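Quick notes on the structure that follows.
The values are calculated or read from the model by the stated rules, or taken from the named source; none is laboratory data. Everything numeric here is computed off the predicted structure, so don't read it as measured data. All Cβ positions, glycine included, derive from the backbone under ideal geometry; neighbour counts span all protein chains shown. Side chains are part of the model used for accessible areas, which takes the heavy atoms of the whole protein and leaves out ligands, DNA and RNA. Shrake-Rupley method; radii C 1.70, N 1.55, O 1.52, S 1.80 Å.
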Amino acid sequence: MPKELEEEITDSYENLSADRTSMQQSPPMGLFRSTDPIFVAVRSSATTEDLAQASFAGQQDSFLNVKGKGELIRNVKKVFASLFTSRATYYRNKNGFAHVDAKIAVVVQKMINSDKSGVIFSKDPTSKSNNIIIEAVWGLGEGIVSGKITPDEYVVSPNIEIKSKKIANKKIAITRDSGGTEMTVKLREERAKQQVLKEGEIKRLADISLELEAHYNKPQDIEFAIESDEIYIVQTRPITTLSKRQNANEGRNISGEEILKGTPASPGIASGRVIIIKEMSDLENVKPGNVLVTKMTNPDMVVSMQRSSAIVTDEGGMTSHAAIVSREMGIPAIVGTEEATNILKEGELITVDGYTGKIYKGATNTNLQNEKVEIKPIQAHTKTKIKVIVDLPTFAERAAKSGATAVGLTRIEGIIAESGKHPEYFLKNNSINEYENIIYQGVSQIAKHFDEIWVRTSDIRSDEFSNLLGAPKEKEGNPMLGLHGIRYSLKKPQILLAELKALQRIANQGKTVGVMMPQLIMVEELRKVKEYLNQINFKNVKLGVMIETPAAVQIIKELCEEGIKFISFGTNDLTQYILAIDRNNPGVQDLYNEMNPAVLYQLSYVIRVCKRYNVETSICGQSGSRKDMAEFLVQNGIDSISVNADAAADIAEYVHELETRSVAGTDKEPRHFENIKNKNN
């Protein structure tokens, strides 16, 4: 960097520390040189960003909370250099842009210690209306960008009339401490449910968005911050997705009276009459097309869930039983409403929007009723194998439409629940062979659609299966940490042997069968299962383990040395055990996050160890369907990812993009050679 440029940058940095009000009084500038350097953002702005045909947003680097002259100069250089990272050059090549046409500016802005912040769309980016959309949260705007906080939403007409306001329950805010580090704070309930923007601020922001749109002659996507009642516009860019907008009466825009909202857990839209399940005996009231409403579903409800048009629960998050099963069935589901069983009335007609988590009174938009997510076939070719999760035989054919050739997880509890009988029923009645046949028939119906299937031995929690015929009546203080998983199976070896014999029968028919143990915490548990496999001469089996306890992570080296063929991450449980957070409790769902660094470290460690022992690695937790998790796993070299069937095509396409990007510009990138002989001819 030329010395003159460096000096000009540092001089301007010093001036930026001057008090704005004092500057307007025009005294000598030297009086305002601050001895304490301020925090600034060092942001990129490239000429090839945010085009209609190719958005380069994120291709160049920006840095926040930069403090001090040395750090400022270092980060300015890094922004300039980011124009020629392998990522940026590959993307320009892919989209046909010459490198000489790409220019970059560095914008240095004073960091705003926001009291509130958000985004403005000067035109609705999703529907063909001219309304202005404003979203706002308390604290820094990172809460909106990251998706950690559901923001308030304000809809304003071009005439600057406020058309609607949706005030969200913003349980947390992201702020910055004195050292520049971002931190998350929990808000009091009163503050969490308070409207963020004042009426005047809403109208002023809407007016500013129209001024910016007129200035640039294009609809704008704008980021703003408010500190001490002063509005700052920190960024504006053109909206690049307007060509994909739908008319207000097209697509999934539902009009009607919104009566409740929760977490969207399974996509789709359905209408039906409410059946509230308070006791298990209420399940017989569920008829085809009803909306099943309950505090939280459990495996006993699977049969009734299949008859339902939609599922709504008071409790639970994205990894709850209701969410997992509904996604496999393709049934719209909303979880964590907190009060559905109190607000909704028996027999009431409602519409459930599984895309947005909203529940409407009556049957709205008849053309949208009973819209289920279609299974798209996998088109992309990937090195990382994409598998599907299938628990219920009835939905195996639906999952097979994805084109996946392997099942990465079958939980046999769904098959057990459909039988209506607890495994101990068969023990008490000396009919364990009947149990073996039930497992065999259920798993074989799934396996016939695929070349390979990995099956988890039963994981029967006492709180989930207490209503099955023959279930033990003893209540556990903490069923999640109680007698279930492989520890239960080893205490009831006849049940485990019946399951293994059922899977052996399927393997003997030519299918590749993997068997994995849940909730494993000791090497001795693995050794005991190997003894049972030898006892029944089950040789043609791939033996693996679920990595869903911190203990399994710590002993992974010893497990590999025992000769396992594969591991599969159960991130639903692994996350809750590492973070000490109940994944079914809606009150802490904002803290439950599989992308927590503590969880990611465990995943990367296990993958590294398994690679040394040539043990296949996979994931079968719900987080495998998240793109950020898929990116992390691919970067760490996982062998396969198991996802819900409706997510398989999208995840495969994304993984293909990640794999292509990772080898771009390296010796591993595929080369295309001209046939010189033919060219000369």
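In this calculation the C-beta distance from Gln194 to Ile254 is compared with R0 = 30 Å, giving a FRET efficiency of 0.65. Where only DSSP H runs of four or more residues are counted, the chain gives -9000 deg cm²/dmol as its mean residue ellipticity at 222 nm, each run worth -39500 (n - 2.57). List the lysines whose Cα lies under 18 Å from the Cα of Lys261, skipping any in the same chain that are fewer than 8 positions away. Counting by Cα, and skipping residues close in sequence, Lys261 has these lysines nearby: Lys148, Lys165, Lys166, Lys170, Lys171, Lys193, Lys295, Lys345, Lys358, Lys361. Which net charge results when you count Lys and Arg as +1 and Asp and Glu as -1 among the other residues whose beta-carbon is under 13 Å from that of Ile334? Combined, the nearby Lys, Arg, Asp and Glu give -3. D for segment 151-219, whole µm²/s, Stokes-Einstein with Kirkwood Rh over alpha-carbon pairs at 10 °C and 1.306 mPa s: what number? D, rounded to a whole number, is 112 µm²/s.
For Val588, project a label point 7 Å along Cα to C-beta. Then give me every residue of segment 171-214 with its amide nitrogen under 16 Å of that point. Zone members listed by number: 186.
Projecting the Cα atoms of Gly289, Met301, Ala322 onto the dipole axis of segment 265-333, where Lys and Arg carry +1 and Asp and Glu carry -1 at the beta carbon, places Gly289 farthest toward the positive end. Assuming charge only on the beta carbon of Lys and Arg (+1) and of Asp and Glu (-1), the dipole of the chain about its Cα centre is about 1620 debye to the nearest 20.
Ligands, DNA and RNA left out, the 1.4 Å accessible surface of the chain is 48% carbon and sulfur atoms.
Computed on protein heavy atoms with a 1.4 Å probe, the accessible areas place His656, His321, His215 in the order His215, His656, His321, largest first. Does a label point 7 Å from the Cα of Arg527, set along Cα-to-beta-carbon, have any residues of segment 562-585 with amide nitrogen under 13 Å, and which are they? Answer for segment 562-585: 562-563.
Using the beta-carbon distance between Met595 and Lys78 and R0 = 25 Å, what value does 1/(1 + (r/R0)^6) give for FRET efficiency, to the nearest 0.05?
0.50
Rg/Rh for segment 260-300 to two decimals, with Rh computed the Kirkwood way over all alpha-carbon pairs. Across segment 260-300, the Cα-based Rg/Rh ratio is 0.95. Between the entries (1) 28.2; (2) 33.5; (3) 26.7, the label attached to Kirkwood radius over Cα pairs in Å calculated for this structure is (1).
Would you please give the FRET efficiency between Gln445 and Leu349, computed as 1/(1 + (r/R0)^6) with r the Cβ-Cβ distance and R0 = 41 Å, to the nearest 0.05?
Values: r = 35 Å, r/R0 = 0.86.
The formula returns an efficiency of 0.70 here.
So for the chain, averaging the separation of alpha carbon pairs under 8 Å that are six or more residues apart and normalising by length, what relative contact order in percent results? Write out the running numbers ahead of the final one.
Numbers: 1379 pairs, mean separation 62.7, N = 681.
Rounded, it is 9 percent for the chain.
A 1.4 Å probe run over the chain, with the rest of the protein chains in place, finds 46 Å² accessible per residue.
When Thr47, Thr410 are compared by accessible area at a 1.4 angstrom probe, the order from most to least is Thr47, Thr410. Rounded to the nearest 20 debye, the dipole magnitude of segment 403-449 is 80 debye, with +1 charges on Lys and Arg beta carbons, -1 on Asp and Glu beta carbons, and the Cα centre as origin.
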